[in-house]
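The values are calculated or read from the model by the stated rules, or taken from the named source; none is laboratory data. Computed from a predicted model, the values in this text were never measured in an experiment. Cβ sites come from the backbone with ideal geometry, for glycine too, and all protein chains shown count toward neighbours.
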Amino acid sequence: MIPAREALERLVAGNRRFVAEAGGQAETTGPSRRAELVAGQNPFAIVLGCSDSRVPAEIVFDQGLGDLFVIRVAGNIVSPSQVGSVEFAADRFETRLVVVLGHSQCGAVAATLEELERPSQSRSPNLRSIVDRIRPSVESLLETELKKDPEALLDRAVRANIRSSVDRLRHGSQILEELIDRNGLLVVGAEYSLETGVVDFFDGFGG
């Protein structure tokens, strides 16, 4: 079992390699690595990320096969199925780090802000379920001066949504709460910059 802090350091180092274009993924994706993983997996981190095609966790953290247990959903929202997936990996594989990975210019967050300002009846119930999970974390921002600055509003909303997902994982599951209290599970929030490639761990990173 890899402790949470060590796992976090691996991700930080991997992202630095990615940004510097000094990645070493080829060593962990070849035939020998595939053969090693046939009998089982031991991912050192769980990543709940957005489905956006520009933010593949394994690539932005320069990791290979078997390294990350990745859950991807539009807007990196937390619903029962995502909680269950995190519980599964944390319990089954004793993975001790969970990262909620959002990103700049998130389309799902932008769509939620648009919905709050101009409600639409054309969204399917399935799409609305995503918007409704993002809504509570961002709607209060529309009551501030940020409403006059769409770019700053979206930036703040992206982080607010990440923090909300982190909070739901920390406090919305008895299994995860026990792992946090007794077994060293760490849940952190991070934002990937589409512009620079840098991942900023901003919630739960210190201490």
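Worth pointing out:
- Filtered by the rule that a residue be buried (at least 22 other Cβ atoms within 10 Å of the Cβ) and among the aliphatic types (A, V, I, L, M), segment 31-54 gives 45, 46, 47, 48.
- Residue in segment 20-62 that is nearest to residue 92 (Cα to Cα), counting only those that are touching a residue at least 24 places away in the same chain (Cβ under 8 Å), among the acidic types (Asp, Glu) and in a loop (DSSP other than H, G, I, E, B): 62
This table checks each residue for (1) in contact with a Gly (Cβ under 7 Å, 6 or more places away or on another chain); (2) surrounded by 19 or more Cβ atoms within 10 Å (Cβ to Cβ); (3) among the aromatic types (Phe, Trp, Tyr).
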residue	(1), (2), (3)
136	no, no, no
148	no, no, no
152	no, no, no
174	no, no, no
178	no, no, no
183	no, no, no
188	yes, yes, no
201	no, no, yes
205	no, no, yes
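- In summary, residue 131 fulfils each of the numbered conditions (1) of a type in the set (Val, Ile, Thr); (2) closer than 29 Å to residue 23 by Cβ; (3) surrounded by 16 or more Cβ atoms within 10 Å (Cβ to Cβ) with the single exception of condition (2).
- Test: residue 2 is among the hydrophobic types (A, V, I, L, M, F, W, C), modelled with pLDDT of 90 or more and part of a loop (DSSP other than H, G, I, E, B): yes
- The residues of segment 69-81 that are assigned to a helix (DSSP H, G or I) and without any contact (Cβ under 8 Å) to a residue 40 or more places away in the chain, listed by number, are 80, 81.
- Take the conditions (1) under 25 Å from residue 175 (Cβ atoms); (2) in contact (Cβ under 8 Å) with a residue 40 or more places away in the chain; (3) among the small types (Gly, Ala, Ser); residue 14 misses just one of them, which is (1).
- Residue 66, sole failed condition from (1) part of a loop (DSSP other than H, G, I, E, B); (2) buried (at least 19 other Cβ atoms within 10 Å of the Cβ): (2)
- Only one entry of 191, 114, 177 meets the criterion of being of a type in the set (Asp, Glu) and farther than 29 Å from residue 46 by Cα, and that entry is 114.
- Taking segment 20-53 as the range and being modelled with pLDDT of 90 or more, in contact with a helix residue (DSSP H, G or I) (Cβ under 9 Å, 6 or more places away or on another chain) and not polar (S, T, N, Q) as the test, the residues that pass are 43, 44, 45, 46, 47, 48, 49, 50, 52.
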